[in-house]
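Q: Have a look at the structure that comes next, please.
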Amino acid sequence: MLTSAHLLWQNIYDDSKVAFWSGFCRLFDALDSGRAHRLTEFGFPDDSASIHVALALIKQSAIPKQTAIVVDDFHLVDTPEIASFFTLLAVNQIKNLHIILISRFFQFIHTEELALKRILYHIKKERFELNPKEIIDYYGHCEISLTESEADELYQLTEGWISALYLLMLNFKENGSLSTSVNICNLVEQAVYEPFSD
């Protein structure tokens, strides 16, 4: 359990393998700057031999108990080479090291095998969605009564994502309408940006 984990967080902004590797190596800088520097100089490991050298450098790093590498927006850089690297990183089960990949889609090739070995836990998007009944309950807690058909419409529009449901709720409280024709991008503009001065 990662209740008090040391987090190493990497945001991905594009599909550059070089930028990914540079950011990944910087994660280790606070743990072991020497090995982090060697990883950076080594470059992205794109063959079997170089992957094993990179894994050895990571294993030798002073990883504190319960450390989690979090790669956010992994789908932007998800290539077979990078996926293979993370698969080997996971299979090696480096002591104290956990990997969390946040992605809009998931395409690892050994998913079932890794799950059976209890190396991979795939939390699917459905776990984060509110279904129509939960939408009724959520809005009810916020003192808005919905019919089943309204909840179904909201679910179709938002796919059950709570942020979008919240923005539509703000729109309802301001305008008194649950119009599902409202553009979510416009709601973000109204709720997040318009309240600020230039």
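The values are calculated or read from the model by the stated rules, or taken from the named source; none is laboratory data. Predicted model, so just to flag it, every value in this text is computed and none were measured. For neighbour counting, all protein chains shown are included, and Cβ atoms are generated from backbone atoms with ideal geometry for every residue, glycine included.
Q: Among the residues of the stretch 119-144, count how many are in contact with a Phe, Trp or Tyr (Cβ under 7 Å, 6 or more places away or on another chain) and exposed (fewer than 13 other Cβ atoms within 10 Å of the Cβ).
A: Of the residues in the stretch 119-144, 1 are in contact with a Phe, Trp or Tyr (Cβ under 7 Å, 6 or more places away or on another chain) and exposed (fewer than 13 other Cβ atoms within 10 Å of the Cβ).
Q: Another question, then. Quick check on this structure: which one of TYR138, TYR155, TYR121 is at pLDDT below 90 and in contact with a helix residue (DSSP H, G or I) (Cβ under 8 Å, 6 or more places away or on another chain)?
A: TYR121
Q: Take LEU97 and tell me if it is of a type outside the set (Ser, Thr, Tyr) and either farther than 30 Å from SER4 by Cβ or touching a helix residue (DSSP H, G or I) at 6+ places or on another chain (Cβ under 7 Å) (or both).
A: Answer is no for this residue.
Q: Considering each residue of the stretch 151-186, count those that are of a type in the set (Asp, Glu) and over 14 Å from ASN131 (Cβ atoms), and give that number.
A: Residues meeting the conditions: 1.
Q: Quick check: anything in the stretch 167-179 under 23 Å from the mean Cα position of the chain (by Cα) and either β-branched (Val, Ile, Thr) or surrounded by 14 or more Cβ atoms within 10 Å (Cβ to Cβ) (or both)?
A: Within the stretch 167-179, one or more residues are under 23 Å from the mean Cα position of the chain (by Cα) and either β-branched (Val, Ile, Thr) or surrounded by 14 or more Cβ atoms within 10 Å (Cβ to Cβ) (or both).
Q: Quickly run through the stretch 42-53 and pick out the residues that are in contact with a Pro (Cβ under 8 Å, 6 or more places away or on another chain) and within 15 Å of LYS17 (Cα to Cα).
A: Within the stretch 42-53, just ILE51 meets the criteria.
Q: Hey, could you check the stretch 145-165 for residues that are within 19 Å of ALA191 (Cα to Cα) and among the β-branched types (Val, Ile, Thr) and say which is surrounded by the fewest Cβ atoms within 10 Å (Cβ to Cβ)?
A: This residue is ILE162.
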